[in-house]
Amino acid sequence: MPLGRSGRTEQAGLTEARLPHCGGLHTRDGSVDYFQIAGGKRLRGTVEISGSKNAALPIMAASILCEGEVVLHNVPDLADVRSMEVLLNKLGVATSREAGGTVRLKVQDEMNCHADYELVRKMRASVCVMGPLLAKRHKAQVSMPGGCNIGDRPINLHIAGLTGLGADTDLMSGDLLLKAKRLTGAELFLGGPFGSTVTGTANILMAATLAEGRTVIESAACEPEVTDLANFLKACGAQISGEGSPRITVDGVKQLKGCEYTIIPDRIEAGTFMIAGAITNGDIHLRNCRLEHLLAVVDRLRQIGVNIEREGEEVVVSSSRRLEPTTVTSQPYPGFPTDLQAQIMALLCLADGNSIITEKIYPDRFMHVAELNRLGAVLRKEGPTVIVEGVKRLIGAPVMASDLRASAALVLAGLVAKGETTVNRVYHIDRGYERIERKLRPLGADIERLNRATEDS
Ligand code: EPU
């Protein structure tokens, strides 16, 4: 069926009416955005990396804990961040956004403690309100998140941690009910079969700040986003040490005040743009990029033959024509991030030989494999591993985004594929990348956001 274009939409409209729904249409009028990409342009120029989505979301949730106003800078303007604002508004937190990525948050009403199914199904990070609600309002009712496109995503470790601090739990109509007159510090172990849990560590960390006594989180997540949350909480008056290591210690305090805080740059967006430079044989300068958060990624990219250098305040990425094959295994931080597994797969499709990619966090996070094969890649999935047979070129085709990072991989493949690639369901990408087409176009990419009235099935 021909694509029924109704014109270019300059910006992902990020009003509540256009928030993404997992597996559904993203606008009330049923229209959908898609990207049309003409591949083959070498990307050159400078790109500014936005604030980190996965740091901003729990830090925004932490405003529930604070007595005064919280002022956050470098907050990315993303669908998921807007979803968090909507959730916090319903929970009595007033939010306002200023130009340049500043968001103000202030608790005005502490009555509502319910994060309902409609909100949680739109965004799993909604579970981050659980710890703060329990610690500050002594109860939380949060819809249990279901599965999602990247696989099973249980929250048993969040629950174990919060019950370890003294919460009683119950399940009612799919909602998890948590109650505690007071939380008491404890020694907790947060390791699971796939390592620690990032948002689980965030939840326990937030709850422990107001618990009575000392909490030790053993097997805590070491991700920079958890460290950023700890730094924010410390700026509000929390007593935390050991963040960034697998053992975090929290000494509970009576109350937290508001503060002004700047969110770290998004390491996954930075990694995606590094790969955009590499895949197009380009020359890209990244601003607002913390290279120390990307060492595993830089290590793999250098192995592939990509040059990455610090130049003053910028990181410069350039690539030789020949891409070497390699092995990549996603692991908890400081290992290679699962959130860049799909993107590096797109790059390795064009390497001179066979690569092996193993997913150790979400063994089913491979929805992009079949779509990359539609573009001429030769990928074979064997359990949690994909064998990538390098090909000389990719060829443009219509493809379907299935989740946030898979969509990014398809855009990257489209940038280099011969001819035209259409990436459908780009509402997935709007959840985590701030107007990606507006950042790619000045670098020379031929990418347009278009809109059509209805989604093809
Ligand atoms: N797990 C459990 N039990 C739990 C929680 C997690 O077994 O209670 C397992 C998961 O099934 C998974 C592993 O532990 O195998 C790690 O999951 P984790 O809880 O760390 O993931 P998350 O906190 O739900 C965050 C990011 C994800 C990112 C993962 C892993 C946010 C809002 N989300 O999710 O980001 O993939 O950590 O690094 O911080 C994305 O941005 O695209 C994204 C999916």
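Classify the chain as rounded, prolate or oblate, taking a ≥ b ≥ c as the square roots of the eigenvalues of its Cα gyration tensor: rounded when a/c is under 1.5, otherwise prolate if a/b is larger than b/c and oblate if not. Intermediate values should be presented prior to the final figure.
Details: a/c = 1.80, a/b = 1.56, b/c = 1.15.
Verdict is prolate for the chain.
Only lysine pairs 8 or more places apart, or on different chains, with alpha-carbon atoms under 18 angstrom apart are counted in the stretch 53-262, and they number 19. When the square roots of the Cα gyration tensor eigenvalues are ordered a ≥ b ≥ c, the ratio a/c for the stretch 79-140 is 1.5 or more and a/b does not exceed b/c, which makes its shape oblate. Where only DSSP H runs of four or more residues are counted, the chain gives -8000 deg cm²/dmol as its mean residue ellipticity at 222 nm, each run worth -39500 (n - 2.57). DSSP beta bridges confined to the stretch 53-262 are antiparallel in about 75 percent of cases.
Using C-alpha pairs under 8 Å with a sequence gap of at least 6, the mean separation divided by the residue count of the chain gives a relative contact order of 22 percent.
Ordering 122-130, 201-209, 397-405, 257-265 by mean Cβ neighbour count within 10 Å, with the highest value first, yields 201-209, 122-130, 397-405, 257-265. DSSP beta bridges fully contained in the chain are about 70 percent antiparallel.
Rg over Rh for the stretch 53-262 works out to 0.92, both radii taken from alpha-carbon positions and Rh defined as the Kirkwood radius. Each residue of the stretch 258-275 is assigned a 3J(HN,Hα), and the resulting list reads x, 7, 10, 8, 10, 6, 5, x, 7, 5, 6, 5, 4, x, 5, 6, 4, 5 Hz, derived from the Karplus form 6.51 cos²θ - 1.76 cosθ + 1.60 (θ = phi - 60°), x at Gly and Pro. DSSP bridge analysis restricted to the stretch 364-442 gives an antiparallel fraction near 55%, rounded to the nearest 5.
Put simply, the stretch 140-205 fits an ellipsoid with semi-axes of 20, 17, 8 Å; these come from the alpha carbon gyration tensor as the roots of five times its eigenvalues, largest first. For the pair the stretch 312-356 and the stretch 410-424, the centres of their Cα atoms are 18 angstrom apart. With a Cα-only, solvent-free Debye model of the stretch 273-428, what are the log10 I(q)/I(0) values at q = 0.10, 0.16 Å⁻¹? Calculated log10 I(q)/I(0) at the listed q: -0.31, -0.84. Counting only residues at least eight positions apart within a chain, or on another chain, the lysines with an alpha carbon under 28 Å from that of K41 are K392, K418, K439.
Read-outs throughout are calculated quantities, based only on the coordinates presented, and are distinct from any laboratory measurement. All of these numbers come straight from a predicted model, not from anything done at the bench. In this analysis, Cβ positions are derived from the backbone assuming ideal geometry, glycine residues included, and neighbour counts consider all displayed protein chains.
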